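Below: one structure, written as C-alpha cells.
The numbers here are math on the coordinates, done by the rules we state, and not lab data. Keep in mind it's a predicted model, so treat the numbers as computed, not measured. When we count neighbours, we look across all protein chains shown, and the Cβ atoms used for this are built from the backbone with ideal geometry, even at glycine.
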Amino acid sequence: MMSRNMQETDVLIVGAGLAGLIATRTLAAAGLRVTLLDKGRSVGGRLATRRIGGGVADHGAQFFTVRSPEFAAVVEGWLDAGVVYRWSDGFSDGTRPLDTYDGHPRYATRGGMNALAKHLAAELAASASIRTDNRVTSVLPQAEGWQVVTESSDTYNSRALLLTSPVPQSLALLGAVPLSEEQRRALQQVAYAPCLAGLFVVDGAVSLPEPGALQRPDSPISWIADNQRKGISPGARVITVHASPDVSRQFYDQADDVALAYLREALLPFLETPGSIREAELKRWRYALPTALYPERYLLAGPPYLAFAGDAFGEARIEGAALSGKAAGAALADALKS
Ligand SMILES: Cc1cc2nc3c(=O)[nH]c(=O)nc-3n(C[C@H](O)[C@H](O)[C@H](O)COP(=O)(O)OP(=O)(O)OC[C@H]3O[C@@H](n4cnc5c(N)ncnc54)[C@H](O)[C@@H]3O)c2cc1C
C-alpha cells in the first residue's frame, strides 16, 4: 500500500504508557524531536481507568509505591501539581488490620490512574508529537535510522527507535531486525503474568477494610478495591476485583460471563446483599506484570539506534516503568548527541 504520509523525527517511540511518556519528556528536554505512537484510544497503557454505571474504576494499575529516592523526586513533581495523592501505607489481607508499615507509601491519582498519563501527555503537548489510535505495524532499519509504518499506512523516518510495548509485542514487531544472538535471547526470556480484572457496580454497602481495599498476593483473588472509597468514583460504587496469575491463566480464554462469575463469587462475602451488583464488565490483560525481567533499565542496540524499555527492564511495576523510561530516554539522547 502507498504511504499516506511521510514524516521525519529524531526519535520514534512505540507505546505511550508511563515508560514511553517519561522517555519522551527526557528526550524532548534534551532538545530532540520526538514522535510517540500508541495503538490505544488514549495514552496510558496499563494506567487504565474506565467509566462504568455512572462511576469510574481503575482496572489496570491500582496504586504505586515509591521505593527509591530517584522515583521519589519524580513523584514530588506529581504531588506538587496535585495530580497524585498519598492513598495509604499498605493494604491488609482483609482478615486483620494492617499492623506493619514497610516504610513505602502508596499513591493513587486523582480521577483515576489514567489521569497521570493524561497529565504527562498534556505537559508534552508543545514539545513532542503524541498520536493515539496509531498502531505500529512494521519497523525497518535504514542506512541511518529507522522507517516505521502504522496500520493507517503513515510512515515515519527516525534517527532512533524506542520500543516500550510489552517485550513479546516488541519482538513480534521487529521480525528479522538484526539483534545480537545474546540480545535476542535475553529479550525472549522476558515473561509476564496475565490478569483478569472484573469491574462491578454495586448499590449498597461493601465491607472492605481500610482504606477500602484488600490485597492477597498469594490467593486466587489478589486484589479487591472500592473505587468510591478510593476517591475516584463519586457517582457510583464500583469495585475492582483482580484474579491471581494462576486463575487468570485458567480463565483467560473462557467467556466473559464465566470469568465474571468466578470474580463475583469472591466479592459476595463483602456485599450487604448479593443482588446489589447492577452491572459487571471484564478486562483481560495478557501482559499485566512481568515475572522474568531484563536485568538493566533498558537495552540499547545499534546504530541505527534501537532501544527497549518498560516495566520489564530493571524493576517491575510503575516505579520500574518510570525509571526505565527515564534511563532509556537519557541513553538515547546521549547516543544521538555524540
Ligand atoms: C491489572 C494490573 C494491575 C496492576 N497493578 C499495579 C499496581 O497496583 N501498582 C503498580 O506499580 N503497577 C501495577 N501494574 C503494572 C503497571 O501498570 C505497569 O508496570 C506500568 O503501567 C507499565 O508501563 P509501561 O509503559 O512499561 O507499559 P504499558 O503501560 O503497557 O505501555 C505500553 C504501550 O504500548 C502500546 N503498544 C503496544 N503495541 C503497540 C503497537 N504495535 N503500536 C503502538 N502502540 C503499541 C500499548 O497500547 C501501551 O499503551 C498493574 C498492571 C495491571 C495490568
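For this structure, a couple of remarks:
- Near A236, the amide H atoms lying under 5 Å from its own belong to V56; only residues 5 or more places off or on other chains count, and H is placed 1.01 Å from N.
- Degrees separating the helix 114-123 axis from the principal Cα axis of the chain, which is the longest one: 30 degrees
- For the listed peptides 65-73, 309-317, 209-217, a ranking on the average number of other beta carbons within 10 Å per residue, highest first, reads 309-317, 209-217, 65-73.
- Cβ-derived FRET efficiency at R0 22 Å, Y252 paired with D133, nearest 0.05: 0.30
- FRET efficiency for T155 and A176, using Cβ-Cβ distance with R0 set to 22 Å, rounded to 0.05: 0.70
- FRET efficiency, 1/(1 + (r/R0)^6) with R0 41 Å, evaluated for D80 and Q188 via beta carbons: 0.50
- Kirkwood-based Rg to Rh ratio, segment 47-151, C-alpha trace: 1.10
- Antiparallel bridges, percent of DSSP beta bridges restricted to the chain (to nearest 5): 70 percent
- Computed [θ] at 222 nm, helices only, for the chain once each DSSP H run of length n ≥ 4 contributes -39500 (n - 2.57): -8500 deg cm²/dmol
- Placing a label point 7 Å from the Cα of Q7 along the Cα-to-Cβ direction, the residues of segment 140-170 with a backbone N closer than 19 Å are 140, 145-165.
- Take the Cα of E265, step 7 Å toward its Cβ, do the same at A205, and the gap between the two points is 2.7 nm.
- For the chain, alpha-carbon Rg over 2.2 N^0.38 Å: 1.02
- Restricted to Cα atoms, segment 219-338 shows a radius of gyration and a Dmax of 19.9, 65 angstrom.
- When each of the peptides 238-244, 50-56 is scored by how many other beta carbons lie within 10 Å of its residues on average, the order from highest to lowest is 238-244, 50-56.
- Peptides ranked, highest mean first, by Cβ atoms within 10 Å: ranges 156-164, 95-103: 156-164, 95-103
- Taking the square roots of five times each eigenvalue of the Cα gyration tensor of segment 19-95, the equivalent ellipsoid has semi-axes of 27, 20, 11 Å, listed largest first.
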